[in-house]
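Below: one structure, written as structure tokens.
The values are calculated or read from the model by the stated rules, or taken from the named source; none is laboratory data. Everything quoted here is computed from the prediction, not taken from an experiment. In this analysis, Cβ positions are derived from the backbone assuming ideal geometry, glycine residues included, and neighbour counts consider all displayed protein chains. Calculation scope for accessible area: heavy atoms of the full protein, side chains included, ligands and nucleic acids excluded. Shrake-Rupley method; radii C 1.70, N 1.55, O 1.52, S 1.80 Å.
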Amino acid sequence: VPHEQWFARYVEDMARQSIITGYKDAAGNPLGIYGPADSVTIEQLAKISVIASRVDQTKCPNAPKNKVAYDRWSALYISCAEHLGWSVYKDGSVDPARFALRSEVVTTVLQAFNKQFEPTTGTIFKDVSNTMSSRYAIETAARDGIVSGYTDAQGNPTGFFGPFDEVNRAETAKIVSLGIQTYGL
């Protein structure tokens, strides 16, 4: 993670708080690689959100409802997310290995910090309609400065959020870091 990159301070903040650790080898040893451009999976999102919001994992069921997650490294994190009723996880059917969408990351992070979603205007992003279930979370996060949507090559807002686009590890670090700063614990 080069220090001059836009995401460096967020990744550093998350690493300092032991919310993220980067990739590890088969023996569990750190490789010193974060992979900022890599997409975040649903199970990684659960782990990051559970740790960032300081969920007491001893109060979560030992096994998730999600049978696919049962034998995965993320089973306890998925179980906590289900137990807490976070929308992405609550019905126990999400594939833990699939890549998370931008709308899912924002919704999960706000739910992890118990942020109440505010009413929508439908005017913040061109691609976030008043019929989308995640619209409340996306607009709340935008009003609170957690997300700002896409920008063009000159850094000007395009008016698009990309709710159904995959989110990478750098973007996730920024969303979670700003979530902690804004919503606290």
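Is there a residue in the range 109-125 that is assigned to a strand (DSSP E or B) and open to solvent by 30 Å² or more (accessible area, probe 1.4 Å)? Within the range 109-125, not a single residue is assigned to a strand (DSSP E or B) and open to solvent by 30 Å² or more (accessible area, probe 1.4 Å).
Table: residues versus (1) at pLDDT below 95; (2) open to solvent by 20 Å² or more (accessible area, probe 1.4 Å).
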{"position": "Thr131", "(1), (2)": "yes, yes"}
{"position": "Ala137", "(1), (2)": "no, no"}
{"position": "Thr140", "(1), (2)": "no, no"}
{"position": "Asn156", "(1), (2)": "yes, yes"}
{"position": "Phe164", "(1), (2)": "no, yes"}
{"position": "Glu171", "(1), (2)": "no, yes"}
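Restricting the first member to the range 127-142 and to residues that are small (Gly, Ala, Ser), and the second to residues that are surrounded by fewer than 18 Cβ atoms within 10 Å (Cβ to Cβ), the beta-carbon pairs closer than 8 Å and six or more apart or on different chains are Ser129/Gly122; Ser133/Ser87; Ala137/Phe117; Ala142/Ser148. Residue pairs whose Cβ atoms lie under 7 Å apart, separated by 6 or more positions or on different chains, with the first residue in the range 14-42 and touching a residue at least 24 places away in the same chain (Cβ under 8 Å) and the second among the acidic types (Asp, Glu) and surrounded by 14 or more Cβ atoms within 10 Å (Cβ to Cβ), are Ser39/Glu166.
Checking each residue in the range 44-97 for being free of Cβ contacts under 8 Å to residues at least 60 places away in the same chain and of a type in the set (Val, Ile, Thr) picks out Ile51, Val55, Thr58, Val68, Ile78, Val88, Val94.
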